[in-house]
């Protein structure tokens, strides 16, 4: 089974216990944020390696790296072959800064598009313009929604994820 297919079975399992799935996503979001903090610290560096090498570099499991690659793929300069990749597939994390920022806005991932590192990449006016541009266009094709419910309240948040479903 391809890594991406395996990731989708885990991450979007509608038969899983909702509490477990929520904890899964909360944990993943923290890991994802950490990788983006590192990537955005040096946004012009074209990070490359095999899936396994990048997983080791960012201290992720192969599955977590697969999820990260799935999420960032639409923001890359050259998309990776995520449909057929295995742990030895060479991939690149070279991203288009504007596209990545707008895709984070589209995914409603405020914990990502509000990372302080963006302040070193875009000034406030540019970030605001990109935000508004994305909100106006709001492409929703090929998105999966994961609902997150805060366990002490009734608040539910929806997060959109870019993927190639």
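Throughout, read-outs are computed from the coordinates displayed, never taken from laboratory work. If you're wondering where the values come from, they're calculated on a predicted model, not measured in any experiment. Using ideal geometry, Cβ is built from the backbone for each residue, glycine included, and neighbour counts are taken over all protein chains shown.
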**Report entry** residue 61 paired with residue 98, simple spin-label distance in nm, labels 7 Å along Cα-to-beta-carbon
**Finding:** 3.8 nm
Report summary line: Of all C-alpha pairs within the range 1-72, those more than 22 angstrom apart amount in percent to 24 percent
Report summary line: Scattering profile of the range 32-81 from the Debye formula, Cα beads only, expressed as log10 I(q)/I(0) at q = 0.26, 0.30, 0.32 Å⁻¹, is -1.21, -1.54, -1.59
Report summary line: Highest mean packing first, using Cβ neighbours within 10 angstrom, the peptides 116-122, 95-101 sort as 95-101, 116-122
Report summary line: PRE zone check, label point 7 Å out along Cα-to-Cβ of residue 121, amide N under 17 Å, scope the range 70-85, hits 70-80
Requested in this report: Calculate the tail of P(r) for the range 1-128: the fraction of all Cα-Cα distances greater than 22 Å, expressed in %.
Outcome: 36 percent
Report summary line: So the FRET efficiency between residue 136 and residue 17, C-beta based with R0 = 35 Å and rounded to 0.05, is 0.35
